[in-house]
Amino acid sequence: MTFLGGSRALDPIQGDVFFRIGRCLLTADVRTEASKSLGRRRFGFRFVSLRFMKLFSRRHCSSLPSPAAISAGNFTSDNASEIVRLCKSRALLDAIRLLNSTDPSSIRNKHVLYGSLLQTCATAVSFDPGLQIHARVVKSGLDADGFVGNSLITLYFKSSSNISETRRVFDGLFAKDVISWTSMISGYVKVGQCEDSLKLFWEMLGSGIEPNCFTISAVIKACSELGRVRLGWCFHGVVFRYGFDSNRVISSALIDMYGRNCCLNEARRVFDELLEPDAICWTSVISAYTRNDMYEEALESFYYMQRNHLKPDNFTFGSVLTACGNLGWLKQGKQVHSKAITFGLFGHVVVESSLVDMYGKCGSLDEAQRAFDRMINKNSVSLSALLGGYCQSGKFETAIQLFREMGNADLYDFGTIIRACAGLAAVRPGKEVHCQYVRRVGWRDVIIESALVDLYAKCGCIDFSYRIFVSMRVRNLITWNSMISGFAQNGRGREALEIFDEMTKLGVRPDYISFVGVLFACSQTGLVGEGRKYFTLMTEGYRIKAGTEHYNCMVDLLGRAGLLEEAEKLVKNAEYRDDPSLWEVLLSACTTSTNSASAERIAKKILELKPDHHLSYVVLANVYRSVGRWSDALQIRSLMYDRKVKKMPAMSWT
């Protein structure tokens, strides 16, 4: 057996290790298998000592010509040297025009000339001239040249919209070096075909080509997109074992992979091990914090990045503005806005879209609208950010009107505008958006379908909502929560509980919102026993901390059943015992109760917590009247007058 890329023979034991590790990298239990083969562990990673990847110690080969080969002295024709000069100055059309008037037989280094022309076409994203050069390459028999072949791959990858055409060119190359393989692997990652990139990586190893740091960076990116953290750990072990942990390209890819897959401690460890992290590494760790909802830490990292005199880019500002928006820190968001202008990044679409999102989440809709109007290149992300800002502020009509004016919409816009229709319980506009979505995008998107389930449930079309729910091939937690809440809001509590039980049987773990819907369903249908059971299941079974919403549902459930003392005891023992909303729910239950002592006690408690709550005065005065305490009732009326508390007038929809 011959070692990949070399002539030294492997003994049978080494060869067995080679194939076992290559096979184990593709299995789900990669870390365990790797540790059995090699028994290495460091910094919590199970490192793979890949004997076949001597890889990083040297490049397999290089197809790039030397600078001397591109000098004018190596061309017989003066036109050829002029063509190369035009390529360097990016005057593509002049270079093509001069090439067409040049006798091909007078050119000696055609592979350098055609390679330079192809790279210029790729830089200019000019596919038609590139096809002409490709035809000349095939006619001259230069498609077997490494430099020309790599230039062709670059051209097709950057200029062609069909990755299969790039793959066809790649497969047709006579000689493929590490640059050829890396270009194709990176191309697959950039178009989202990450599984194909990993398959091609294994093919490269089988062909005897040793990857370089850019190859490893690309496959780590593929692992990140696919969520295959175990395989990413394996590549991290290889990188560390061969001393490439200080390579910033690979380190930034590792930080991004761990950040995307909720392994924030590992991401921070990679970053901390860098001696001098550059701006890209800082941006990666800031993005990792933002993705994991650690917004204050993201802003702190941005502050330290500036202290190190590193220049942030548009992606840095995008992550930082997102952190400011989610924290609701308008003042800090404006400061970041001014810094983006200072660094000359204000016209970038990522920064401007993040600005719209930040101002919208901070409730500054006028600023969000102005930032959106100033954008030269508006896209679906910026439109969705603006629509989301209006929805968050409750201005659903404005969001729907803006959606109609813009016309063009994509997947994210549909999700936001469906949420606006649900907020208005407007079924007709919702159906219009639903039809547009089916016509433009089609079906089978879990986010949009979950929004539709919620829309029709809030509009009272619960049967149609359930029909969409049943037809969904993929359901996430949001889908289940929407259906549970929908049944609860439409008075079908039993069915809501059945959906919840079905969800848990399928292994979907309920969250805070799930139990709000379940307890609300119990409250609306008077299921006291079930309500107690699910409340205990939430706090003790799933260890979910009960919030005010859960307590409100339980108090309402017990109050409706006439169990005022149990409800009052629950409130007094709650962490939120001083929250007026809990006592208000309890007070509303007193209006139908004959327990005047409890009603008086609860009303006085609300008067302490919320002196301007008019219902407390009204209920307390009525309690005094019901037991004949007329002087106390008049005293409450006088107190209400002195504090200038006005009773809310009744309203009728008829």
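If you filter the range 502-517 down to residues that are among the aliphatic types (A, V, I, L, M) and in a helix (DSSP H, G or I), you find that the one that is nearest to ILE602 (Cα to Cα) is VAL516. Residues that are surrounded by fewer than 24 Cβ atoms within 10 Å (Cβ to Cβ) and not aliphatic (A, V, I, L, M) within the range 307-323 comprise ARG307, ASN308, HIS309, LYS311, PRO312, ASP313, ASN314, PHE315, THR322, listed in sequence order. Restricting attention to the range 127-148, the residues that are in contact with a helix residue (DSSP H, G or I) (Cβ under 7 Å, 6 or more places away or on another chain), at pLDDT below 75 and either within 19 Å of ARG90 (Cβ to Cβ) or of a type in the set (A, V, I, L, M, F, W, C) (or both) add up to 0. The set of residues from the range 452-510 being within 25 Å of the chain's Cα centre (by Cα), closer than 20 Å to PHE535 by Cβ and of a type in the set (Lys, Arg) comprises just one member, ARG509. Taking the criterion of being closer than 12 Å to LEU173 by Cα and in a helix (DSSP H, G or I), the residues of the range 138-152 that qualify are VAL138, LEU142, ASP143, ALA144, GLY146, PHE147, VAL148, GLY149, ASN150, SER151, LEU152. Among the candidates SER186, SER217, the residue that is assigned to a helix (DSSP H, G or I), within 19 Å of SER284 (Cα to Cα) and touching a Lys or Arg at 6+ places or on another chain (Cβ under 9 Å) is uniquely SER186.
Considering (1) buried (at least 18 other Cβ atoms within 10 Å of the Cβ); (2) more than 15 Å from GLU432 (Cβ to Cβ); (3) among the small types (Gly, Ala, Ser), the lone condition that SER393 does not fulfil carries the number (1). Among ILE209, ILE185, ILE220, which is the only one that is closer than 30 Å to CYS324 by Cβ and either among the hydrophobic types (A, V, I, L, M, F, W, C) or buried (at least 22 other Cβ atoms within 10 Å of the Cβ) (or both)? That would be ILE220, the only listed residue that is closer than 30 Å to CYS324 by Cβ and either among the hydrophobic types (A, V, I, L, M, F, W, C) or buried (at least 22 other Cβ atoms within 10 Å of the Cβ) (or both).
Filtered by the rule that a residue be assigned to a helix (DSSP H, G or I) and either out of contact with any Ser or Thr (no Cβ under 7 Å at 6 or more places or on another chain) or modelled with pLDDT under 90 (or both), the range 450-468 gives ALA451, LEU452, LEU455, LYS458, ILE462, ASP463, PHE464, SER465, TYR466, ARG467, ILE468. For the range 518-530, the criterion of being assigned to a helix (DSSP H, G or I) and under 29 Å from the mean Cα position of the chain (by Cα) is met by at least one residue.
The condition (being surrounded by 18 or more Cβ atoms within 10 Å (Cβ to Cβ), of a type in the set (Gly, Ala, Ser) and within 29 Å of the chain's Cα centre (by Cα)) is satisfied by just one residue among SER151, SER159, SER180: SER159.
For every residue, the table says whether it meets (1) in contact (Cβ under 8 Å) with a residue 24 or more places away in the chain; (2) within 27 Å of PHE127 (Cβ to Cβ).
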{"site": "ASN162", "(1), (2)": "no, yes"}
{"site": "ILE179", "(1), (2)": "yes, yes"}
{"site": "TRP202", "(1), (2)": "yes, no"}
{"site": "PHE214", "(1), (2)": "yes, yes"}
{"site": "VAL219", "(1), (2)": "yes, no"}
{"site": "HIS236", "(1), (2)": "yes, no"}
{"site": "SER251", "(1), (2)": "yes, no"}
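The condition (being among the small types (Gly, Ala, Ser), at pLDDT below 95, assigned to a helix (DSSP H, G or I) and surrounded by fewer than 16 Cβ atoms within 10 Å (Cβ to Cβ)) is satisfied by just one residue among SER353, SER338: SER338. Determine, yes or no, whether ALA267 is among the small types (Gly, Ala, Ser) and either over 28 Å from VAL219 (Cβ atoms) or buried (at least 24 other Cβ atoms within 10 Å of the Cβ) (or both). The answer is yes for ALA267.
Quick one: is GLN306 out of contact with any helix residue (DSSP H, G or I) (no Cβ under 6 Å at 6 or more places or on another chain) and under 23 Å from VAL381 (Cα atoms)? Give the derivation first.
Values: out of contact with any helix residue (DSSP H, G or I) (no Cβ under 6 Å at 6 or more places or on another chain): yes; under 23 Å from VAL381 (Cα atoms): no.
Taking the combined requirement at face value, the residue does not satisfy it.
Taken over the range 399-412, the criterion of being aliphatic (A, V, I, L, M) and within 20 Å of the chain's Cα centre (by Cα) is satisfied by ALA409, LEU411.
Among the candidates PHE396, PHE372, the residue that is within 29 Å of LEU321 (Cα to Cα) and within 24 Å of the chain's Cα centre (by Cα) is uniquely PHE372.
When the criteria are applied in full, LYS572 fails the requirement of being on the phi > 0 side of the Ramachandran plot and of a type outside the set (Val, Ile, Thr). The set of residues from the range 194-214 being at pLDDT 90 or above, under 20 Å from VAL249 (Cα atoms) and of a type outside the set (A, V, I, L, M, F, W, C) comprises just one member, SER197. A Cβ distance below 8 Å, combined with a sequence gap of six or more or placement on separate chains, defines the contacts here; from the range 521-547, residues that are more than 17 Å from PHE500 (Cα to Cα) reach residues that are among the β-branched types (Val, Ile, Thr) and surrounded by fewer than 15 Cβ atoms within 10 Å (Cβ to Cβ) in the pairs LYS545/THR539; ALA546/THR539.
Given the options GLU495, GLU405, name the one that is surrounded by fewer than 23 Cβ atoms within 10 Å (Cβ to Cβ), closer than 30 Å to ASP373 by Cβ and charged (D, E, K, R).
From the options GLU495, GLU405, the qualifying one is GLU405.
All conditions in (1) modelled with pLDDT of 95 or more; (2) in contact with a Lys or Arg (Cβ under 8 Å, 6 or more places away or on another chain) hold for ILE484, with the sole exception of (2).
The values are calculated or read from the model by the stated rules, or taken from the named source; none is laboratory data. Worth saying up front: this structure is predicted, and the values here are computed from it rather than measured. With ideal geometry, Cβ positions are generated from the backbone for all residues, glycine too; neighbour counts draw on all protein chains shown.
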